[in-house]
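J.: There's a structure below that I have some questions on.
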Amino acid sequence: MDSETVAQDGAAPTTVSVVIVDDHGIFRSGLRAALGPVIRVLGEAATVEEAETIIGATEPDVVLLDVHLPGGLGGGGAEVIHRCARRGTRSRFLALSVSDSAEDVVAVIRAGARGYVTKTISGPEITDAVRRIASGDAVFSPRLAGFVLDAFGTAAVAVDDELDRLSARELEVMRLIARGYSYKETAKELFISVKTIETHVSAVLRKLQLSSRHELTRWATERKLL
Amino acid sequence: MRPPLLRSSDGVIAGVCAGLAVHLGIKRSWVRIGMAVLTLASGAGILLYAWLWIFVPTAADRAAEAGRQTGPAAFMHGVGTGTLPDGAPAGASGQTARILGDRLHSDPVGPLDADTWRERTLRAGRREVLVGTALLLAAAVLVVQLLGVQLDWGFFVPIAVVVAGAALAWSQLDEVRRARMMNRAGAGRAGGTLRLVAGIVLVVTGVLVALSSNGSWTLTMATLVAVLAVLAGVGLVLAPWGLKFWRDLETERAARVRETERAEIAAHLHDSVLQTLALIQNRADSETDVLRLARAQERELRQWLFADPGRDPGSLAERLRVMAGEIEDLYGHPVAVVAVGDAVLGPAEDALAQAAREAMLNAAKHAGVAVSVYLEAGPDTVEVFVRDRGSGFDPAAVPADRAGIRESIHSRMLRHGGSSELRSDGDGTEVRLRLPRTTESPV
């Protein structure tokens, strides 16, 4: 079976192509080794410019993107996403960082990354995260869920479409993820399907990216670390 | 060893004699008498005094310099108090200067201890003493004149005016130095300029009057205009040079601040990261040791890099983070804390933290895997969840004599009006602690 046709069909691909963008050579090779066999690394980049070129040339399914990168206008990972978006790339971005700073996380998520994980993540976990991102889902680490809860507040709102607040169900999902539950465990806990969890998480991601409430930015700059 | 020659800040005029006395290890009064005697020798004492005034730094100057040399601490201190990074170093070294100055101050060297009381009186009445001396001189002059000695007022008054003007301008030397260290913006700069202008006016007037004491008014005015023209010309010529000098000074200051910052970072990396890397190389064969070292170092570095100076060290979230760090060090399994909201650490919150610690400890000890801790401090309740993905256990099967969960977690929470719940299955164990909010605490 041709893996590329499957990927184009939009179903869960058996092979996912990725590009690793990180200015740290040791980390790049470590990550390459940790990724499972279903992931094919198309290339690596160390700066904003290199990243833009190689992503444009190879069009990977997923870009593993470091938040802090040299080059460009100093915007790091968020700048790479902006540049690629302007070129109309179809690649999806998963942010990787050692930084705990809410400022960094929120900047890269609002730029368009579909997930955020810390660099201490294990090989199987990152492989799973990459597959999830490739199939269009969002990947939330407990810490990112904590950020979201802190930024949006823990009081639920009745209207689902409200961009500045989370619905009761979304709150429940975020809470469980912050507590260290996987999507599967969260689904079991709430008696709903994993697919529904993924929908909720994607909705939260959309709110995080689109919410115009100025508190979100101010909140992020105020919290250097959580 | 002989103390360094520094002008002390508690002298009568500029602290030259006091500083000299400390340096030579003799009584101040002897130095002062010596100066007076030298002054009689055609004013040599005054010249020596002025020379020392200009070239000997004050104790505060020296302290500021020392503060700059041991800069990192002062710099970090400045940052820690939340001032802007730009202004911080100046403020910090000013503070250091003040602190060191005070220390030198309240710490008179050896034999001078007996003089402390008198010094304090002197310091308090320094201005009064100067004014009194001036009044005494005036009185003496008047008495002399009353006794019939003819004084040439046309000669004395201009001289007095020139001296007053010079004193006014020169007195700035110390003030300006001090102001620069205390506060770069120089709140007192306007006052300083005023003083300088007043001094110049007085000196120029005095010189003019002395030179043209017998001349006409028009001649005086002409001379005045000529003098002003010359001064303006000199000013015009020197202005670019002065500006350049000032700019160089600023650049040098900025460079020094950067250097200080770099040195601070280098020192920190050397003390922590390089040491840990060396340790890791030594223990490369023990995986748990390496893991533990790496985690501990990561936590420490994170704390140093991202620590929010405004964060309350006595808060519940901070307490949990510290506890998680300790348990990580003990067992080598990562304990990740995610906090949403925060609470002040009252007795009930402390009990909650203790119970959470017990839960983390159990998880790290028995499950032997990564532990997730989640704190949510809402307006009504504070909740803590401690979860691991170990193999789980049957709570009912735990022997009744094991106090761990029952006493340390459950009873402790009950005593403070809270509750606890334990769930364990094949996927892991989760301890849930709930505490109703009693004290109004900032989030």
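J.: Looking at (1) within 12 Å of chain B (Cβ to nearest Cβ); (2) on the phi > 0 side of the Ramachandran plot, can you tell me which one A:A102 breaks?
T.: It is condition (2) that A:A102 fails.
J.: Taking the stated definitions as given, is A:L94 closer than 20 Å to A:G123 by Cα, modelled with pLDDT of 85 or more, aliphatic (A, V, I, L, M) and not assigned by TED's automatic domain parsing to the domain that holds A:L149?
T.: Yes.
J.: Looking at the structure I just gave you, is B:A139 surrounded by fewer than 16 Cβ atoms within 10 Å (Cβ to Cβ), modelled with pLDDT of 75 or more and either hydrophobic (A, V, I, L, M, F, W, C) or assigned to a helix (DSSP H, G or I) (or both)?
T.: Criteria met by B:A139.
J.: Pick from region A:39-56 the residues that are in contact (Cβ under 8 Å) with a residue 12 or more places away in the chain and exposed (fewer than 15 other Cβ atoms within 10 Å of the Cβ): which of them is nearest to A:G77 (Cα to Cα)?
T.: The residue in question is A:G56.
J.: Would you check which residues across region B:359-383 are among the polar types (S, T, N, Q) and closer than 23 Å to A:D150 by Cα and list them?
T.: Listed by number, the residues that qualify are B:S372, B:T381.
J.: Do we find a residue being more than 14 Å from every other protein chain (Cβ to nearest Cβ) and among the small types (G, A, S) anywhere in region B:281-291?
T.: yes
J.: OK, next. Can you pull out every residue in region A:127-143 that is assigned to a helix (DSSP H, G or I) and out of contact with any strand residue (DSSP E or B) (no Cβ under 7 Å at 6 or more places or on another chain)?
T.: Once the filter is applied, which keeps residues that are assigned to a helix (DSSP H, G or I) and out of contact with any strand residue (DSSP E or B) (no Cβ under 7 Å at 6 or more places or on another chain), region A:127-143 yields only A:D128.
J.: Being β-branched (V, I, T) and touching a residue at least 12 places away in the same chain (Cβ under 8 Å) is the filter; apply it to region A:176-197 and report the residue that is farthest from the other protein chains (Cβ to nearest Cβ).
T.: A:I197
J.: If you don't mind, there's one more thing I want to ask. Picking from B:A351, B:A364, B:A356, which residue would you name as being touching a strand residue (DSSP E or B) at 6+ places or on another chain (Cβ under 7 Å), touching a residue at least 40 places away in the same chain (Cβ under 8 Å) and either more than 10 Å from chain A (Cβ to nearest Cβ) or under 23 Å from B:L414 (Cα atoms) (or both)?
T.: Exactly one of B:A351, B:A364, B:A356 is touching a strand residue (DSSP E or B) at 6+ places or on another chain (Cβ under 7 Å), touching a residue at least 40 places away in the same chain (Cβ under 8 Å) and either more than 10 Å from chain A (Cβ to nearest Cβ) or under 23 Å from B:L414 (Cα atoms) (or both), namely B:A356.
J.: For residues in region A:1-36 being modelled with pLDDT of 85 or more and assigned to a loop (DSSP other than H, G, I, E, B), which is surrounded by the fewest Cβ atoms within 10 Å (Cβ to Cβ)?
T.: Residue satisfying both the conditions and the ranking: A:H24.
The values are calculated or read from the model by the stated rules, or taken from the named source; none is laboratory data. These numbers were taken from a predicted model, which means no experiment stands behind them. No Cβ is skipped: glycine too gets one built from the backbone with ideal geometry, and neighbour counts run over all protein chains shown.
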